[in-house]
Amino acid sequence: MADLTAMFRSLREVPSSPADAARIARDILTDKNTLKPVKAHVLRTSTLEPLADFLVVEAAMQSLRAELSFGGYEPLAMQARNAAGEWAKADVVILAPELSDLDSAAAADPLCDAAWPKRASDALVALAQSVRKAAKGRLIVLLPAMLESARDGYGDLAQDGRTGERFAELRTTAWNQLTENVADCLVFDSEQLVREEGLRALLDHRMWQGFRVPYSTTGMRALGMHLGRLIGVATLPRRKCLVLDCDNTLWGGVIGEVGKEHIELAPEGKGAGYYALQRDALALARRGVLLALLSKNQEAVVLDALAGHPHVLLRPELIAAHSISFDVTKAQGMRAIAKQLNIGLDSLVFVDDSATECELIRQLVPEVCVYQTPAAPHHLPGFLLTLREFDVARTLKEDHARAAEYQRRKERQRAAPVSGENLDDYLRSLEIKVKIVTARDATLERVVQMEGKTNQFNTTTRRLSRADLDRIIQSGGEVFAVNVADRFGDYGVTVACAVEMDKRDRRASVTSFLMSCRIIGLGAELALLSHVGAWAKQRGATTLSGYVKPSDKNQPARDLYQRAGFAESKAQDGSLGSRWDYDLERSVPETPKWIHA
Amino acid sequence: MLERLQQVIGKVFEVDSATVSARTVIRQLPGWDSLKHLKLIMAVETEFSRELTPEQIESLKTVGDIAAVIV
């Protein structure tokens, strides 16, 4: 069965033949052991079933077994209101309207008036909100595309005319409103299909007129693949770090032999493939992926090229960690990189041109996800952007600055005391400042992101969604977020917790506690517990409880409550683990004296 | 050509393609419904790079009928 998972993962591409996709999808859906099941329901008014097999294959490439169901063809508002329906329990709900579902006047005549984009957007947001209210899982909303040529003239082919402007306005307005007003919502802009496939390949009026299928087979495949990929974004934790080989990956040639002046790396001509790969790596760094280098080379030679080659895009400040040496194997170097970054090996993705090195890592460090680069440099552009392990929905402020924060962490570690020196003095010298806030809006989004990504310092690994956190806040609990800074810089929101209140028991319970591994050891977590203690006491709680549920990875979080002076109780909660209590009538947990709150 | 068609039908309907013949009635294939029919049409069109007219799609009764319109 393990082979089956390997097979699905190694499928490079979803087959273009519906018959082949059907056969593979059937194998996938009968494999009840190795793939992680995820239920997805599609609310629609058109015939979208032909995308199912393609979606299932794409999802399996991310180790998911997607079980799809489709709603009836009745109006979407009616489907959305039926909250008692099975669909509301799905892990992911896909809302797929046609333009006619949102504004029939615009569907008939896209030039009818200038106000329809706003009307259609409002209708879509209202639909999404009512689905959100009923649905337990995450939501994927499709924005309708402009599936025709401009209707207001032919003379100027560079423009879609006013028709295009209206559709663009619909998409921009709807995207902004959805991401702002609908929690846990991913947006897919169907215009992407037009860009990728072209209108001619995408449309099949026979299928629309005869069966109400909105796209050709090519289009249904493309849509199925995008939705399968988005289901992965909605349900799977992401990997954090891209580990890149250097020679023949970042540039063409062996730098130790030809020297930095003669490596192949340029925006045009011979080195253009490698330049494009660096450009894509840079895009990943911008969305918060950490970059690391793993190479058998002389460290000084590589670092000199990074700093001094005119066409290098991955400058030294973008590299969060590296292992460049002839003396260690790549397997050893890989472990060293994970250690430097304080993240698990299963957060790493390795990219190398050498089949041998790839196989070495697969065998010796199986937690790492490995990709070999395409052999021809002209296949390198876009290659890194196809790695699903780094797909994210939205990038936050914290993501953009991540590599720089890891750099500062390196500096902080260099300043750390050697054994025997006074640890308190060292911590005091860091001038650690914390700012604790109740999480709302963008900060709450950041907490949702941490819920999805944090594996090590995560007391209960509950993976709470935005909807879960909203519910906690609405029922009298609170979500706290901590911004941490020290003299080396600002780490952003890196500690968070969810607190639920039981008024009858006069108990406040910390049911989720998360901290980014970048700031382990500073004591910020203790400052937050102190703050929560005072908050709970003010609201009449006499006990502050915390829960710890051991997972494979949360070793660093397990002694949190013990360190904060909580006492272990005999109580156990099935989903939350063992309970620790702090008697608030006696005092509140202390903030470490080296922290400025 | 019939062999390729048999294979396509085998994959779409999860049947042994050897049991499919020109006389096989499409509606009697296991699990047939209108969506499966649509899937079969899309699979056949992709496999043989053909586009059937709506009239042809409606008139297909047997596997032999499909073979006749794609030659």
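The values are calculated or read from the model by the stated rules, or taken from the named source; none is laboratory data. This structure is a prediction, so every number in the text was calculated from the model and none was measured. Virtual Cβ from ideal backbone geometry, glycine too; neighbours counted across all protein chains shown. Accessible surface areas use protein heavy atoms only, side chains included; no ligands, DNA or RNA. Shrake-Rupley method; radii C 1.70, N 1.55, O 1.52, S 1.80 Å.
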Strands (runs of 3 or more DSSP E) lying entirely in the stretch A:458-524 (those with 1 or more residues that are buried (at least 22 other Cβ atoms within 10 Å of the Cβ) and hydroxyl-bearing (Ser, Thr, Tyr)) = A:489-502, A:507-515
Selection from the stretch B:29-46 of residues that are facing chain A (nearest Cβ under 10 Å) and within 11 Å of the chain's Cα centre (by Cα) | B:36, B:37, B:38, B:39, B:40, B:41, B:42, B:43, B:44, B:45
List the pairs whose first member sits in the stretch A:189-208 and is within 14 Å of chain B (Cβ to nearest Cβ) and among the aromatic types (Phe, Trp, Tyr), whose second member is surrounded by 15 or more Cβ atoms within 10 Å (Cβ to Cβ) and not in a helix (DSSP H, G or I), and whose Cβ atoms are under 8 Å apart, counting only residues at least 6 apart or on separate chains?
-> A:208/A:214
Would you mind stating whether residue A:346 is in a loop (DSSP other than H, G, I, E, B) and either open to solvent by 60 Å² or more (accessible area, probe 1.4 Å) or at pLDDT below 95 (or both)?
-> no
Restricting to the stretch A:36-53, what's the tally of residues that are of a type in the set (A, V, I, L, M, F, W, C) and touching a Ser or Thr at 6+ places or on another chain (Cβ under 9 Å)?
-> 3
Over the stretch B:50-69, the set of residues within 11 Å of chain A (Cβ to nearest Cβ) and in a loop (DSSP other than H, G, I, E, B) is B:51, B:52, B:53
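Consider the stretch A:20-49. How many of its residues are over 30 Å from residue A:77 (Cα atoms) and more than 14 Å from chain B (Cβ to nearest Cβ)?
Keep residues of the stretch A:20-49 that are over 30 Å from residue A:77 (Cα atoms), which gives A:20-36.
Pick out the ones that are also more than 14 Å from chain B (Cβ to nearest Cβ) and you get A:31-36.
Going through the stretch A:20-49 one residue at a time, the tally reaches 6.
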Residues of the stretch B:1-60 being among the β-branched types (Val, Ile, Thr), in contact (Cβ under 8 Å) with a residue 24 or more places away in the chain and over 15 Å from residue A:26 (Cβ atoms), which ones?
-> B:20, B:24, B:25, B:26, B:44
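Between A:181, A:176, which is free of Cβ contacts under 8 Å to residues at least 24 places away in the same chain and more than 14 Å from every other protein chain (Cβ to nearest Cβ)? Before the answer, list the steps.
Working: A:181 fails: free of Cβ contacts under 8 Å to residues at least 24 places away in the same chain.
Going through A:181, A:176 in turn, just one is free of Cβ contacts under 8 Å to residues at least 24 places away in the same chain and more than 14 Å from every other protein chain (Cβ to nearest Cβ): A:176.
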Would you be able to say whether some residue in the stretch B:7-23 is more than 14 Å from chain A (Cβ to nearest Cβ) and part of a helix (DSSP H, G or I)?
-> yes
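For the stretch A:56-70, give me the residue count where each residue is within 14 Å of chain B (Cβ to nearest Cβ), open to solvent by less than 10 Å² (accessible area, probe 1.4 Å) and touching a strand residue (DSSP E or B) at 6+ places or on another chain (Cβ under 6 Å).
We begin by selecting, within the stretch A:56-70, every residue within 14 Å of chain B (Cβ to nearest Cβ); these are A:56-57, A:68-70.
From what's left, open to solvent by less than 10 Å² (accessible area, probe 1.4 Å): A:56-57.
Adding the requirement that they be touching a strand residue (DSSP E or B) at 6+ places or on another chain (Cβ under 6 Å) leaves A:56.
Residues in the stretch A:56-70 being within 14 Å of chain B (Cβ to nearest Cβ), open to solvent by less than 10 Å² (accessible area, probe 1.4 Å) and touching a strand residue (DSSP E or B) at 6+ places or on another chain (Cβ under 6 Å): 1 in total.
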Report, by residue number, each residue of the stretch A:67-120 that is touching a residue at least 60 places away in the same chain (Cβ under 8 Å), in contact with a Phe, Trp or Tyr (Cβ under 9 Å, 6 or more places away or on another chain) and of a type in the set (Val, Ile, Thr).
-> A:94
Scan the stretch A:435-457 for residues that are open to solvent by 10 Å² or more (accessible area, probe 1.4 Å), touching a residue at least 60 places away in the same chain (Cβ under 8 Å) and either of a type outside the set (D, E, K, R) or within 23 Å of residue A:502 (Cβ to Cβ) (or both) and jot them down.
-> A:436, A:448, A:452, A:454, A:455, A:456
Say whether the condition of being in contact (Cβ under 8 Å) with a residue 24 or more places away in the chain, open to solvent by 10 Å² or more (accessible area, probe 1.4 Å) and within 30 Å of residue A:97 (Cβ to Cβ) is met by at least one residue in the stretch A:270-288.
-> yes
Residue A:583 is checked against (1) over 30 Å from residue A:490 (Cβ atoms); (2) in contact with a strand residue (DSSP E or B) (Cβ under 6 Å, 6 or more places away or on another chain); (3) open to solvent by 10 Å² or more (accessible area, probe 1.4 Å) and fails just one. What number does that condition carry?
-> (2)
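Going through the stretch A:539-564 one residue at a time, which ones are part of a helix (DSSP H, G or I), open to solvent by 20 Å² or more (accessible area, probe 1.4 Å) and either in contact with a helix residue (DSSP H, G or I) (Cβ under 6 Å, 6 or more places away or on another chain) or not charged (D, E, K, R) (or both)? Give the derivation first.
Initial filter on the stretch A:539-564 (part of a helix (DSSP H, G or I)): A:555-557, A:560-563.
Next, only the ones that are open to solvent by 20 Å² or more (accessible area, probe 1.4 Å) stay: A:555-556, A:562-563.
Listed by number, the residues that qualify are A:555, A:556, A:562.
Working carefully through the options A:567, A:536, find the one that is of a type in the set (A, V, I, L, M, F, W, C), over 28 Å from residue A:347 (Cα atoms), open to solvent by 10 Å² or more (accessible area, probe 1.4 Å) and more than 28 Å from the chain's Cα centre (by Cα). Spell out how you get there, then give the answer.
Numbers: A:536 fails: open to solvent by 10 Å² or more (accessible area, probe 1.4 Å).
Only one candidate passes the filter, namely A:567.
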